[in-house]
1. Condition (residue is within 27 Å of V39 (Cα to Cα), out of contact with any Pro (no Cβ under 8 Å at 6 or more places or on another chain) and of a type outside the set (D, E, K, R)) applied to region 106-115: is it met by at least one residue?
2. Does L108 fit the bill of being more than 25 Å from E41 (Cα to Cα), more than 21 Å from the chain's Cα centre (by Cα), surrounded by 14 or more Cβ atoms within 10 Å (Cβ to Cβ) and not hydroxyl-bearing (S, T, Y)?
3. Out of all the residues in region 79-95, is one or more touching a Lys or Arg at 6+ places or on another chain (Cβ under 9 Å), free of Cβ contacts under 8 Å to residues at least 24 places away in the same chain and on the phi < 0 side of the Ramachandran plot?
4. For region 30-52, which residues satisfy the criterion of being of a type in the set (A, V, I, L, M), surrounded by fewer than 15 Cβ atoms within 10 Å (Cβ to Cβ) and under 17 Å from the mean Cα position of the chain (by Cα)?
5. Can you confirm whether Q79 is at pLDDT 95 or above, closer than 25 Å to V133 by Cα and surrounded by 12 or more Cβ atoms within 10 Å (Cβ to Cβ)?
Amino acid sequence: MRRSTIGLLVLGLGLAAAPVHAQDSAPARPRAEELRRRVRERLAERVREQLDLTDDQMRQLRGTVGKFGLRRRDMEARQRTVRGALAEQLRPGVAASRDSVARLTEELMGLRVRYAESFRDEQAELSRYLDPVQRARLLVLRDRLLERGKAYRGRRPFMERRAPPE
């Protein structure tokens, strides 16, 4: 599963922590943005109900998920850039610079480690205001949402799939 999809889904669980920016000014964008807003609202209500959150816990959850989601989206963007540069170095018929490949590979590995660590750090912050059962339920909800997104993307015709926003 692409990390950008994970980021998008985490953003959805961000419970409307931050507005989604339109990618272009096409007439269909307001409808798509409205649909995204409604999905975020429904997700937020489902999370609130299933975790039995107080208003204060919900406010804190929005902040935590939004903050860590933003960090991960930044890392995802950098990973795409690094992978693109690495692919450029490794093109067939082009002599790759060993120094550049080594530097890019190290950077990519570092980004992957920081990405994983961000989930651990997020869990630590969540533990300040959610009990272990609530945190586990949140993990299960996220996993289910990720699987549904993966299944949905797999059903869409190839030509309808769009690259994630950068």
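The values are calculated or read from the model by the stated rules, or taken from the named source; none is laboratory data. Because the structure is a prediction, the values reported are computed rather than measured. With ideal geometry, Cβ positions are generated from the backbone for all residues, glycine too; neighbour counts draw on all protein chains shown.
1. At the first step, the residues of region 106-115 found to be within 27 Å of V39 (Cα to Cα) are 115.
From what's left, out of contact with any Pro (no Cβ under 8 Å at 6 or more places or on another chain): 115.
Pick out the ones that are also of a type outside the set (D, E, K, R) and you get 115.
Yes, region 106-115 has at least one match.
2. Working: more than 25 Å from E41 (Cα to Cα): yes; more than 21 Å from the chain's Cα centre (by Cα): no; surrounded by 14 or more Cβ atoms within 10 Å (Cβ to Cβ): yes; not hydroxyl-bearing (S, T, Y): yes.
Here the answer is no, as L108 does not meet what is asked.
3. From region 79-95, those touching a Lys or Arg at 6+ places or on another chain (Cβ under 9 Å) are 79-80; that's our starting set.
Going one step further and asking which of them are free of Cβ contacts under 8 Å to residues at least 24 places away in the same chain, we end up with none.
No, there is no match, as no residue in region 79-95 is touching a Lys or Arg at 6+ places or on another chain (Cβ under 9 Å), free of Cβ contacts under 8 Å to residues at least 24 places away in the same chain and on the phi < 0 side of the Ramachandran plot.
4. Within region 30-52, the subset of a type in the set (A, V, I, L, M) is 32, 35, 39, 43-44, 47, 51.
Checking which are surrounded by fewer than 15 Cβ atoms within 10 Å (Cβ to Cβ) leaves us with 32, 35, 39.
Matches in region 30-52: V39 only.
5. Values: at pLDDT 95 or above: yes; closer than 25 Å to V133 by Cα: no; surrounded by 12 or more Cβ atoms within 10 Å (Cβ to Cβ): yes.
Criteria not met by Q79.
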